[in-house]
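As structure tokens, the structure follows; a few thoughts come after it.
The values are calculated or read from the model by the stated rules, or taken from the named source; none is laboratory data. Here the structure is a predicted model, which means the values were calculated and not measured. All Cβ positions, glycine included, derive from the backbone under ideal geometry; neighbour counts span all protein chains shown.
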Amino acid sequence: MFVHLVEVAVRSKVTYYSIKIEVDGRLNEKTEMQLFFEKHLNNPVTKEWAQDLYEWLNTRIGIEKGAEERLFRSERHAQALPPNIQAINKATNYNLRLYCVRVNEQIVILLNGGMKTARTAQECEIVGPHFKFANQFAHSFWKAIKNGVIQIDKKNRVLLFNNPLNLNK
């Protein structure tokens with residue numbers, strides 16, 4: 001599977017990337033992050049949670065805190081938002097999950113996700129595929145870093161790479 005990394009937003013403390021997936025030689029027009037927010041901002045059940053996640057990414061992480069490890073849920077090789085309820089300081093239980101790869105405190109790759117309806121992500125028919133893909137992507141991403149296919153420019157808070165990236169290597 002081939003993916004294209006795309007820079008989607010630059011805030012004072014974090015540069016955000018997402019990916020476009022190439023299927024049968026055709027590149028999806030939208031990033032995985034766009035697909036996530038379009039779906040959940042237009043759903044009355046998930047709209048408020050999606051707005052909170054968007055604000056969390058834009059302000060709390062992007063401008064105020066940076067991508068501190070404690071602000072993300074660990075999901076094997078990948079991460080997810082929102083963080084645990086203690087980090088949010090909200091009494092609501094978020095079931096909406098946005099999977100990502102926290103590269104460091106300055107760079108995050110936003111993927112896709114959904115509404116968690118089972119005890120674990122792996123058991124959930126909705127987020128299970130997103131969980132699995134996020135972990136596959138994260139594993140391939142870190143392997144590409146190790147092999148020099150992707151480099152991290154910490155000074156400029158950017159990733160250096162050539163698209164497309166082959167996740168099967």
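Could you tell me how many of the residues in region 31-46 are part of a helix (DSSP H, G or I) and surrounded by 13 or more Cβ atoms within 10 Å (Cβ to Cβ)? Write out each step before concluding.
Here is the first cut: in region 31-46, the residues part of a helix (DSSP H, G or I) are 32-41.
Going one step further and asking which of them are surrounded by 13 or more Cβ atoms within 10 Å (Cβ to Cβ), we end up with 32-37, 39-41.
Looking only at that region, the number is 9.
Report, ordered by the first and then the second residue, all pairs with beta carbons closer than 6 Å, sequence separation of six or more or different chains, a first member in region 77-98 that is closer than 26 Å to residue 142 by Cα, and a second member that is at pLDDT 55 or above and assigned to a loop (DSSP other than H, G, I, E, B).
Pairs found: 79/72; 82/94; 83/72; 96/46; 97/116; 97/127.
Show the residue pairs meeting these rules: Cβ distance below 7 Å; 6+ apart or different chains; first residue within region 28-39 and within 10 Å of residue 113 (Cβ to Cβ) and touching a residue at least 24 places away in the same chain (Cβ under 8 Å); second residue in a loop (DSSP other than H, G, I, E, B) and charged (D, E, K, R).
Pairs that qualify, where the first residue is within 10 Å of residue 113 (Cβ to Cβ) and touching a residue at least 24 places away in the same chain (Cβ under 8 Å) and the partner is in a loop (DSSP other than H, G, I, E, B) and charged (D, E, K, R): there are none.
Anything in region 66-86 that is modelled with pLDDT under 90 and over 20 Å from residue 113 (Cα atoms)? List them, or say none.
If the condition is that a residue be modelled with pLDDT under 90 and over 20 Å from residue 113 (Cα atoms), then 86 is the only one that fits.
Go through (1) within 28 Å of residue 117 (Cα to Cα); (2) among the charged types (D, E, K, R); (3) modelled with pLDDT of 95 or more for residue 47 and report which single condition fails.
Among (1) within 28 Å of residue 117 (Cα to Cα); (2) among the charged types (D, E, K, R); (3) modelled with pLDDT of 95 or more, the lone unmet condition for residue 47 is (3).
Scan region 116-130 for residues that are touching a strand residue (DSSP E or B) at 6+ places or on another chain (Cβ under 6 Å) and not in a loop (DSSP other than H, G, I, E, B) and report the count.
1
How many residues are closer than 17 Å to residue 8 by Cα, surrounded by 15 or more Cβ atoms within 10 Å (Cβ to Cβ) and either aliphatic (A, V, I, L, M) or modelled with pLDDT of 95 or more (or both) when one looks only at region 125-164?
So the answer is 3.
Can you tell me which residue within region 48-58, out of those that are among the aromatic types (Phe, Trp, Tyr) and touching a residue at least 24 places away in the same chain (Cβ under 8 Å), is farthest from residue 110 (Cα to Cα)? Outline the logic, then answer.
Taking region 48-58 and keeping what is among the aromatic types (Phe, Trp, Tyr), we get 49, 54, 56.
Still in the list and also touching a residue at least 24 places away in the same chain (Cβ under 8 Å): 49, 56.
Working: 49: 16, 56: 13 Å.
My answer is 49.
Residue-wise test of (1) over 13 Å from residue 107 (Cα atoms); (2) not hydrophobic (A, V, I, L, M, F, W, C).
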position	(1), (2)
9	no, no
14	no, no
23	yes, no
36	yes, no
39	yes, yes
46	yes, yes
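Six or more apart or on different chains, Cβ under 6 Å: which pairs go from a residue in region 139-157 that's outside any helix (DSSP H, G or I) to one that's surrounded by 16 or more Cβ atoms within 10 Å (Cβ to Cβ) and among the hydroxyl-bearing types (Ser, Thr, Tyr)? Could you list them?
157/15
Confirm whether residue 111 is of a type outside the set (Asp, Glu) and either within 26 Å of residue 2 (Cα to Cα) or at pLDDT below 90 (or both). Steps first, please.
Values: of a type outside the set (Asp, Glu): yes; either within 26 Å of residue 2 (Cα to Cα) or at pLDDT below 90 (or both): yes.
So residue 111 fits the description; yes.
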